[in-house]
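The values are calculated or read from the model by the stated rules, or taken from the named source; none is laboratory data. All values reported here derive from a predicted model rather than from experimental measurement. In this analysis, Cβ positions are derived from the backbone assuming ideal geometry, glycine residues included, and neighbour counts consider all displayed protein chains.
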Amino acid sequence: MSGLFGIWSGKPGSNWRPQPWQGLNTCFLLFPLVYQPLYLLTFSINLFLAVQYRFSHFFTLRPHSTVTTLSTKSARQKLKTRPAPHWQRLSKGAYLGFRRGPDTWVARYRTRGGKQEYLALANARDFDEAKRAAEEWLAGMSALATRSVVRGTVRDGLESYIEVLKEQGREATAENAEDRFRLIVWDDPLANIPLEELTRQDFREWRERLRDGRQNRSVNRHVRSVVAGLNRALKEGHSGNAIAWTLDPLSDDAEAGGESTVFLLPSQRKAIVKAASPACGQFLQAIEHTGGRPGELAAATVADFDAKTGTLTLRHKKGRPAKLRARAVVLSDDGLQFFEKLAMHKLLAAPILLDPEGQPWGRHKWADEIQAAIKAVNAKAKSKSLIPFGSSAYSFRHARISELLQTYGVDPVTVAQQTGTSTRMIELNYFRFIAPALREKLSAIGGAP
């Protein structure tokens with residue numbers, strides 16, 4: 001029996017192994033003749049299985065084989081018209097494809113995980129252009145630091161940037177970025193453009209739309225935030241070309257000289273505090289007493305206030321990766337009394353400043369409250385007493401720093417330490433207040449002996 005089936009299953013030898021149908025056929029030969037028809041049927045089935053087993057490679061469906069060359073027009077014209085491209089191998093895992101019929105080009109790359117990535121080369125008109133475009137794309141694909149490329153819109157890329165900020169523990173920065181993108185990108189046509197198809201013209205047109213009602217320095221600031229997000233998206237594996245969103249900034253002399261900082265006179269600050277809600281007025285006064293950033297004071301708790309030393313500890317994140325930095329701000333006698341009243345009858349973990357609803361201050365909340373107060377002041381003020389455009393909570397911080405330098409004659413190094421900034425930023429934004437104070441000190445010294 002083994003000789004009979006040796007044709008199909010292989011003769012006994014070093015590579016021989018019994019096949020399932022051999023034992024079954026042998027058993028049926030021992031049955032009476034009444035079972036012979038059943039045997040013939042079984043034999044036929046086993047015969048079919050044996051043939052299929054031995055010659056299965058003839059029945060395996062294989063993908064279209066790659067063509068030898070796509071470089072000549074005559075060779076491409078001989079190709080069959082079909083939906084699937086004809087492929088030419090450029091390097092390991094990298095192919096250039098040509099669809100006969102519409103005569104379009106496409107590039108293909110196999111990632112480390114085995115996933116096939118494709119790019120339509122819509123602007124390629126001939127083989128040389130297609131090959132050059134494919135090689136540029138493939139060079140970027142092979143240099144990816146991620147397992148596979150991410151294809152999405154501009155919004156997808158910016159949302160991935162926000163997620164990275166959250167992973168780094170920079171929740172406040174992530175919230176600010178999301179609010180900014182919601183204001184300037186989400187409702188703009190730019191948001192829905194595929195990132196890999198974004199062009200310099202698209203990005204420049206978006207910037208022009210931003211200029212409506214905004215100063216150049218504000219537009220530049222918005223553009224920088226979006227550029228930072230898109231650059232991070234590339235690092236996270238999103239497909240795109242950074243050249244598309246690399247534009248020269250709009251000209252703005254004020255940005256270089258620090259003239260964009262709004263300084264409020266004592267009378268203007270007093271008018272805003274008076275027009276604001278009691279909670280907002282306390283918030284602004286706290287900034288005046290400390291020179292702190294609005295976010296720092298919003299996060300300060302009762303435990304951060306030390307009445308014995310007359311200090312208030314403020315914290316902010318700075319650097320990359322962001323590190324939490326704390327400083328003890330020395331309070332004046334008026335400032336000490338002010339914070340003693342605020343801390344009275346509160347738990348140590350409670351915020352020392354609360355919004356009008358008795359909740360911790362949020363960025364949008366204090367911005368809305370202060371703008372409402374400024375609007376109320378300007379509704380009654382005369383032209384010379386109007387609050388300048390661009391005034392904000394930060395204007396109270398700027399006023400405190402300028403007064404420390406000019407009115408109280410505190411040296412820039414001490415001011416920088418107390419307000420959590422640097423001497424460079426003080427020189428850039430407040431140098432004109434240092435000169436008058438220095439001149440008065442020099443006058444007091446008198447002439448040289």
Filtering segment 312-335 for residues that are surrounded by fewer than 18 Cβ atoms within 10 Å (Cβ to Cβ) and in a helix (DSSP H, G or I) leaves a count of 2
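Mind checking whether some residue in segment 388-397 is more than 16 Å from PHE305 (Cβ to Cβ), part of a helix (DSSP H, G or I), in contact (Cβ under 8 Å) with a residue 60 or more places away in the chain and among the charged types (D, E, K, R)?
So far as segment 388-397 goes, yes, one or more of its residues are more than 16 Å from PHE305 (Cβ to Cβ), part of a helix (DSSP H, G or I), in contact (Cβ under 8 Å) with a residue 60 or more places away in the chain and among the charged types (D, E, K, R).
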Residue tally, condition closer than 22 Å to LYS235 by Cβ and assigned to a loop (DSSP other than H, G, I, E, B), over segment 96-142:
4
Scan segment 338-360 for residues that are surrounded by 13 or more Cβ atoms within 10 Å (Cβ to Cβ) and not in a loop (DSSP other than H, G, I, E, B) and report the count.
8
Any residue in segment 163-187 that is under 25 Å from LEU297 (Cα atoms) sitting within a Cβ distance under 7 Å of a residue that is part of a helix (DSSP H, G or I) and polar (S, T, N, Q)? List the pairs, counting only those 6 or more apart or interchain.
LEU165/THR173; ALA177/SER225; ARG180/SER225
Residues that are within 13 Å of HIS289 (Cα to Cα) and among the β-branched types (Val, Ile, Thr), drawn from segment 388-414:
ILE401
Which ones in segment 93-116 are surrounded by fewer than 19 Cβ atoms within 10 Å (Cβ to Cβ) and closer than 19 Å to PRO83 by Cβ?
ARG99, ARG100, GLY101, PRO102, ASP103, THR104, GLN116
Considering segment 160-198, residues that are closer than 22 Å to ALA242 by Cα and in contact with a strand residue (DSSP E or B) (Cβ under 8 Å, 6 or more places away or on another chain), and then whichever is surrounded by the fewest Cβ atoms within 10 Å (Cβ to Cβ), we arrive at ASN192
With respect to the numbered conditions (1) more than 38 Å from the chain's Cα centre (by Cα); (2) surrounded by fewer than 13 Cβ atoms within 10 Å (Cβ to Cβ); (3) outside any loop (DSSP other than H, G, I, E, B); (4) at pLDDT 80 or above, which one is the sole condition not fulfilled by VAL413?
(1)
Being under 21 Å from LYS317 (Cβ atoms) and either not polar (S, T, N, Q) or not in a helix (DSSP H, G or I) (or both) is the filter here; which residues of segment 416-430 pass it?
ALA416, GLY420, THR421, SER422, ARG424, MET425, ILE426
Any residue that is modelled with pLDDT under 90, surrounded by 14 or more Cβ atoms within 10 Å (Cβ to Cβ) and in a helix (DSSP H, G or I) - is there at least one of those in segment 199-214?
no
Residue within segment 213-230 that is over 20 Å from VAL164 (Cβ atoms), in contact with a Lys or Arg (Cβ under 8 Å, 6 or more places away or on another chain) and in the same structural domain as LEU250 (by TED's automatic domain parsing) present
yes
Does ALA298 satisfy being over 21 Å from VAL415 (Cβ atoms) and over 27 Å from the mean Cα position of the chain (by Cα)?
no
